Amino acid sequence: MIFPTGLLTPMKLRYLLTAIALCLGFAAPAASQSANHLDHAHTPATYASFAQWESRAAWLRDHILVSNGLHPMPEATPLRPRVSEITRGDGYSVQAIALETWPGFFLTGTLYRPAEGTGPFPAILSAHGHWENGRFEHTDIASIPGRAISFARQGYVVFSYSMIGYNETAGRFPHRFDDPLYQLWGFSAMGLQLWNSRRALDYLSALPEVSAERIGMTGASGGGTQTFMLTAIDPRIRVAAPVNMISAHFQGGCICENSPLLRIDAQNVEIGALAAPRPLMMISTAGDWTVNTPDVEFPAIQAIYTLHGAADRVANVHLGYPHNYNAESRAAVYDWFARWLTPANGALPEPADLRLLPADTLHADLPRPPAGPDALFRQYKAAAEEAFERARPVDAASLEAYRTLYGKALTHVLHEAPSDTADRMMYFAPTPSDAVDSAVLIVHSGAAASARTARSLARQHQIGGRLVAVLSPLPDPPHPPDSIEYSTTYNATMPVRQIRAIQRALDALGAREGIERVEVIGLDEAGVWTLFARALSPHVRTATIHLNGVDFSDDEDFLAHLPIPLIRRAGDLRTAVALIAPAPLTLTHLPEGPLAEWIRALYDALDASHALHISAVAN
């Protein structure tokens, strides 16, 4: 706690006693908190009402899109399908398909059709999972072509498609990739795979012989993750059957299931429940992480379906095998889809001896090798920058639209899981006889020089009869160690936790009785954290932000000073300022450059240039 120095005079004693009372009234010591991880055991949340769940569901859908780099949604460029000649089997036909889901990047798959009839047919999107042979896996444990053939013989059009880096793209594009630079922009293996799933659905639903109102999706393991993730964000999936995947104690072991931020305050049971009220079949088994489904995950999801008045639309079949999508699992799924998509026909039994067509009839031809991750990232980043520029606010109306779009993204990027920690603040207080109607929060980084500056500023404001709080946002416990696999998927980074600590302090000051005006001052390295905290605290009147000589105009600045996943995809400091404008804002230590120009243009467009002060040196 900071106090005036020197002899303890009666006046200083009053300061001391007031400061102690204020501090003790604000916060308790920080409590310990363990890091989250993919094997963390969750107790599924319960919801008292449909409205409560609907609010949570809307947040979860946005969170999935933001964390996967799909908010705002990228442009759906032409798929340019390459389609092979038709090959006919026993009761079905096949064609190999290649789709250009992103310029220079390809999704491959096999399209199965019924041999008879003209449609429109119901359809199935089939995701394979992490089997060694991808969509060509044909074993007793899992037969991806076997289920496609069986569905086609039952009257479905089936598109069985490959994950990134599998089958035709194996050796040409990695299935697993990551980079801190990619994370700044939300370019991830999971995001790319979810995008591919969505584009595969675009292709399938547009086929003239497909009934777009009767499309289901299924897959096991990583294919199960793709199934419930796409179902969560795309209402075109009308029936879903994720197999051996939805678990409260295991969230998925591959980077293609772990985009940054995804499971901060979110987990697979709730994400799976986003299918409601559409029919959902949960296949589970005793030999993997779905062992508890009948007692844990299924009742939690069924409770949410009950809120929808649709308890009969979710079901669980629990078997006794290792991790699989075997014949018994497939039979249960056939019955489920028949119930909801072809009730008049029912499900046909799968042939005991499935005969596959020659492998070369199932393989798609690529027009050229796919772009690698670096080349694809450059395209992704350029498209994101173009979309950001198109959304640039030029007046009050476009500012509101910008805030709706990018402001929403920023709140998810800066989200921190609720914790039992409390923040310590240090106060300077005016004499007890003074009427206090304004407060100032001074934020510093903890460095000695910064702390001295904060103390000096605090005394100046205190003499003016204001309540002054000083905060160095160094949360306890420290940032989760890098040894945690996919740490940024499950845990907020230290800068986010610092930003949220500042926001909590601002909210606490604003909530104090008698306080009508709150000002915030962010010093040195803490300045940029304070800017974002101010953006999240609309009740703050004025802000003075020191940006420490960094213009935040390129990715290296963020990697060095603000390494927050997806911060650039959400519009970075520009979005923070857009949430503040046209309120008074002073930015010091900000070099002239693109950021300063952007901020000035915004305030000019709002006729609020008088409220903005930018200087390259401290005031």
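The values are calculated or read from the model by the stated rules, or taken from the named source; none is laboratory data. What you see is a predicted model; the values in this text were computed from it and never measured. Positions of Cβ are backbone-derived with ideal geometry, glycine not excepted, and every protein chain shown enters the neighbour counts.
Couple of notes before you dig in:
- Taken as a whole, the condition of being in a helix (DSSP H, G or I) and without any contact (Cβ under 8 Å) to a residue 12 or more places away in the chain does not apply to GLU85.
- Residue identified as outside any loop (DSSP other than H, G, I, E, B), within 22 Å of HIS130 (Cβ to Cβ) and more than 18 Å from the chain's Cα centre (by Cα) among ARG199, ARG214, ARG172: ARG199
- Count - residues of region 454-473 that are exposed (fewer than 15 other Cβ atoms within 10 Å of the Cβ) and among the hydrophobic types (A, V, I, L, M, F, W, C): 1
- Residues located in region 334-346, provided they are in a loop (DSSP other than H, G, I, E, B), in contact with a helix residue (DSSP H, G or I) (Cβ under 8 Å, 6 or more places away or on another chain) and not small (Gly, Ala, Ser): ASN345
Results for (1) outside any strand (DSSP E or B); (2) surrounded by fewer than 20 Cβ atoms within 10 Å (Cβ to Cβ), shown as yes or no for each residue.
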position	(1), (2)
ASP265	yes, yes
THR293	yes, no
LEU319	no, yes
LEU348	yes, yes
ASP353	yes, yes
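- Condition check for PRO242: outside any loop (DSSP other than H, G, I, E, B), buried (at least 24 other Cβ atoms within 10 Å of the Cβ), in contact with a helix residue (DSSP H, G or I) (Cβ under 7 Å, 6 or more places away or on another chain) and at pLDDT 95 or above: yes
- Checking GLY165 against (1) in a loop (DSSP other than H, G, I, E, B); (2) under 30 Å from HIS63 (Cα atoms); (3) over 22 Å from the mean Cα position of the chain (by Cα); (4) touching a residue at least 40 places away in the same chain (Cβ under 8 Å), the condition it does not meet: (4)
- Considering ALA429, ALA409, ALA382, the condition of being surrounded by fewer than 20 Cβ atoms within 10 Å (Cβ to Cβ) and among the small types (Gly, Ala, Ser) is satisfied by ALA382 alone.
- Residues being among the hydroxyl-bearing types (Ser, Thr, Tyr), touching a Gly at 6+ places or on another chain (Cβ under 9 Å) and either farther than 30 Å from SER487 by Cα or assigned to a loop (DSSP other than H, G, I, E, B) (or both) - total across region 58-82: 0
- Against the criterion of being under 30 Å from TYR427 (Cβ atoms), exposed (fewer than 15 other Cβ atoms within 10 Å of the Cβ) and in the same structural domain as VAL440 (by TED's automatic domain parsing), ARG534 does not qualify.
- The set of residues from region 118-159 being crowded, with 20+ Cβ neighbours inside 10 Å and among the aliphatic types (A, V, I, L, M) comprises ALA123, ILE124, LEU125, ALA127, ALA142, ILE144, ALA148, ILE149, ALA152, VAL157, VAL158.
- ASP555 being in the same structural domain as SER445 (by TED's automatic domain parsing), more than 24 Å from LEU457 (Cβ to Cβ) and surrounded by fewer than 22 Cβ atoms within 10 Å (Cβ to Cβ): yes
Listed here are the residues, each with its yes/no results for (1) touching a residue at least 12 places away in the same chain (Cβ under 8 Å); (2) among the polar types (S, T, N, Q); (3) under 25 Å from ALA58 (Cβ atoms).
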{"site": "GLN251", "(1), (2), (3)": "yes, yes, yes"}
{"site": "CYS256", "(1), (2), (3)": "yes, no, no"}
{"site": "ALA266", "(1), (2), (3)": "yes, no, yes"}
{"site": "ILE271", "(1), (2), (3)": "yes, no, yes"}
{"site": "ALA275", "(1), (2), (3)": "yes, no, yes"}
{"site": "ASP295", "(1), (2), (3)": "no, no, no"}
{"site": "PHE298", "(1), (2), (3)": "yes, no, yes"}
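- Qualifying residue in region 150-162 (condition: of a type in the set (D, E, K, R), touching a Phe, Trp or Tyr at 6+ places or on another chain (Cβ under 7 Å), in a helix (DSSP H, G or I) and in contact (Cβ under 8 Å) with a residue 60 or more places away in the chain): yes
- Residue check, PHE177 within 18 Å of the chain's Cα centre (by Cα), buried (at least 20 other Cβ atoms within 10 Å of the Cβ) and part of a loop (DSSP other than H, G, I, E, B): yes
- Residues that are touching a helix residue (DSSP H, G or I) at 6+ places or on another chain (Cβ under 8 Å) and surrounded by fewer than 19 Cβ atoms within 10 Å (Cβ to Cβ) within region 478-507 comprise PRO478, HIS479, PRO481, ILE484, listed in sequence order.
- Count - residues of region 378-407 that are part of a helix (DSSP H, G or I), small (Gly, Ala, Ser) and within 22 Å of the chain's Cα centre (by Cα): 6
- In region 321-333, the qualifying residues are those that are outside any strand (DSSP E or B) and touching an Asp or Glu at 6+ places or on another chain (Cβ under 7 Å), and the one that is nearest to LEU125 (Cα to Cα) is ARG330.
- The one condition in (1) at pLDDT 95 or above; (2) within 30 Å of GLY253 (Cβ to Cβ); (3) assigned to a loop (DSSP other than H, G, I, E, B) that VAL540 fails to fulfil: (2)
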